[in-house]
Every structure is written in structure tokens, then in C-alpha cells.
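Below is one structure, written out as C-alpha cells; the observations come after it.
The values are calculated or read from the model by the stated rules, or taken from the named source; none is laboratory data. Everything numeric in this text was worked out from a predicted model, so none of it was measured. Here the Cβ is made from the backbone with ideal geometry for all residues, glycine too, and neighbour counts use every protein chain on show.
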Amino acid sequence: MGSRNQGNYRNPCLTMHQPWASLLVYGIKRIEGRSWPAPLRGRLWIHAASKVPDPVTIKAMEDFYREIYAVDGITHIKFPEHYPVARLLGCVEVVGCVKCEELACWKEVRLEGQTDFCWLCEQPQRLLVPFEMRGYQRVYNLERKIYEAAVRGLCPVEAPLPVKFQLPDPQDPFSLKPGSLTSFFSGSKASEVEKPESLSAAISGARAAATQFSKKERNYQANTSRRRDMPDSKTSQLNNKSKEEDRRPADDLYYKGSMANNNKEQSSHMYCEGNISSHNQASRRDLNPNPGAPSKFRGDIRMQISVSCINTLSTMDCRIHVIGTC
């Protein structure tokens, strides 16, 4: 049998926004939609990002799945009572990845896919106690200590309507891939489903809820395409930068705040002017009220300060220059 994963994935994990993360772990969501194909097969851990979902988004997605399941005669769905954030929630088994139109092969999920690539998920399991942790972009590996603790806390989930996705070649775990089912389905099958007005409204609401994150994903894909078209030297530099970006926290506010602080701390020249009433030259001893103790700056950066004074008619103009850092 072939390898279950492509790439260096030991305990792969994917950070998702709520409420999609919990809906997947509870078995309500069976298709994970992405703009890029699944790079793995087998167990995929699901982590909820730190963004708190607003009630409008939660309602839109719950209404979407109510309508999807109603087509198959299921009228009662037990949705999660809470949608925790910044937590490891559980895992699913990724058994394949197909194009959106290929979902017509499975009537249970034919209306669920709304993106270019659909990851086919089975066997959801959730953690009895979700683990607090930080997430990252794309697929990444769980830390070993987190994995060892999480694998002991899993419990099976009773999904409303589980689906078994058959592999074209049982000996090849990657045989269920984009384009592999083209000869087995007709593109008109999906359109044969009669959509009541409530279902159409639910689909529109779900698409609107997802668009708040789609721009970020499109930008990522555009940058990836540009790297492929660049010369090798530039591509190498950007790939190194991309690796660092892939490890950035999934919480953009945290990352942008850290970058802003770093920019402030790395400034090599600071300039400030102020009027003082004294005509005597300020000394370093005057600047440090506690002689003998090292000056403390945020980030433990120590700076050497020189002070020059210029007499004016009525006041003294004091310029303070940071001439170096260490």
C-alpha cells in the first residue's frame, strides 16, 4: 500500500475557523472545502482558530446544514452547544479529495461542496476536553506532547448521516483524487436536485458567511503561483520566507501586533525635540534616576544616548539621538 501522506506529516493538523471546525468534528460537516487539494490521507487533527464566531455566521451555517439534511429526510440535528476557540477539538479521517462537481457521485453530500476542492472526511472523533493551543496556517504537525495527550482523550461521534467514500483502487489511498471520477458521473446530476427556496437561501447564506475568509486564501494562492514563475534564486528566497509565514500564528491580530512591536524595537535612529528651561547641559546621570543600575527598555534592548544642546534666545533646544543598539 502507498504512503498515507505526501510531505513530512507525522500528526497533521489543520486550523479552521468556527463554526466550521466544530461542525466537522461533530460529523455534521462531511466535506472540508479548500482552494487547494488535500496533501494527505488518514487522520487529520482539527484545531479551532482564535476568532470568536459571530451569531449571524453560526446561524447561517446551522441553517445551511438543516436544509442539506432535510433533502435526505433528516429533520433533527444535534448541533454543538458551544463553539470553542483556540482549542484542539478532535480529528477526522481524510479518505480522498475530489473536484466540486464530482460530489454528484454521492447524493448525501452532493449539495455540500461549495469550493474548488472537496476533502472527503469520515470517522469524526472529538476530544472530551479540548486542548488550548496555538494554530498555524495550512497543514502542520502537532507537537508530540500535545498529540500523546490528545490521542488518549478521543471519543467517537454519532454523526447524523455518515458517508462511506469508496476508493477506486483500495490498494492506493490516493486513488480518490481530483479528476479520478470524471468518467463515472454526468455533470448534469447535481443540477437534477430540485432546490426549494429555503435551500437556495441557506446556500446563499453559507456562501456569504465563508467569503469573509476567502480573500485571504486567494492571496495565499496568488503568492504561491508567483513563486513558481520566478527564477530559481528569487524563488529560493521567497520559499524561505514562505516557510516562516506558514508557521505564523493563525490569529492574524497576534501576528500583526508582534510585527509592529518588532519594527519599533528595530529602529536604529530616534529623534525627538523638546524645549527645556534649564541652560545646563543634561548628563547621563540625570537621565538615569538610579545610577549603577542598567537602563531597562522594552524587549531588553539597551541604547547608548548622546545629548547635545543648542542655545536659543529664550530656551534651550535639546536633541536626543539614539546612536546605536546592542
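Below, the figures for the structure above:
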quantity: Residue among R87, R43 that is in contact with a His (Cβ under 9 Å, 6 or more places away or on another chain) and in the same structural domain as K29 (by TED's automatic domain parsing); calculated: R87
quantity: Matching residues in segment 122-168 - criterion: being in a strand (DSSP E or B) and over 23 Å from S50 (Cα atoms); calculated: E122, Q123, C155, P156
quantity: Checking I68 against (1) crowded, with 20+ Cβ neighbours inside 10 Å; (2) without any contact (Cβ under 8 Å) to a residue 60 or more places away in the chain; (3) assigned to a helix (DSSP H, G or I), the condition it does not meet; calculated: (2)
quantity: Verdict on L111 being crowded, with 16+ Cβ neighbours inside 10 Å, in contact with a His (Cβ under 8 Å, 6 or more places away or on another chain) and in the same structural domain as G33 (by TED's automatic domain parsing); calculated: no
quantity: In segment 73-100, the residues that are charged (D, E, K, R) and crowded, with 18+ Cβ neighbours inside 10 Å; calculated: R87, K99
quantity: Verdict on G33 being small (G, A, S), farther than 17 Å from V85 by Cβ and assigned to a strand (DSSP E or B); calculated: yes
quantity: Residue in segment 58-76 that is more than 22 Å from K164 (Cα to Cα) and of a type in the set (S, T, N, Q) present; calculated: no
quantity: Selection from segment 168-180 of residues that are surrounded by fewer than 16 Cβ atoms within 10 Å (Cβ to Cβ) and touching a strand residue (DSSP E or B) at 6+ places or on another chain (Cβ under 7 Å); calculated: G179
quantity: Neighbours by Cβ (under 6 Å, 6+ apart or cross-chain): first from segment 12-26, under 14 Å from F64 (Cβ atoms); second part of a helix (DSSP H, G or I); calculated: P19/I58; P19/M61
quantity: Only one of K29, K59 that is surrounded by fewer than 17 Cβ atoms within 10 Å (Cβ to Cβ), at pLDDT 95 or above and among the basic types (K, R); calculated: K59
quantity: Scope segment 169-184; condition part of a helix (DSSP H, G or I) and either of a type in the set (F, W, Y) or within 17 Å of Q125 (Cβ to Cβ) (or both); matching residues; calculated: F184
quantity: Search result, residues across segment 71-105 that are of a type in the set (F, W, Y) and assigned to a helix (DSSP H, G or I); calculated: none
quantity: Scope segment 63-110; condition under 26 Å from the mean Cα position of the chain (by Cα), among the aromatic types (F, W, Y) and farther than 20 Å from L14 by Cβ; matching residues; calculated: F64, F79
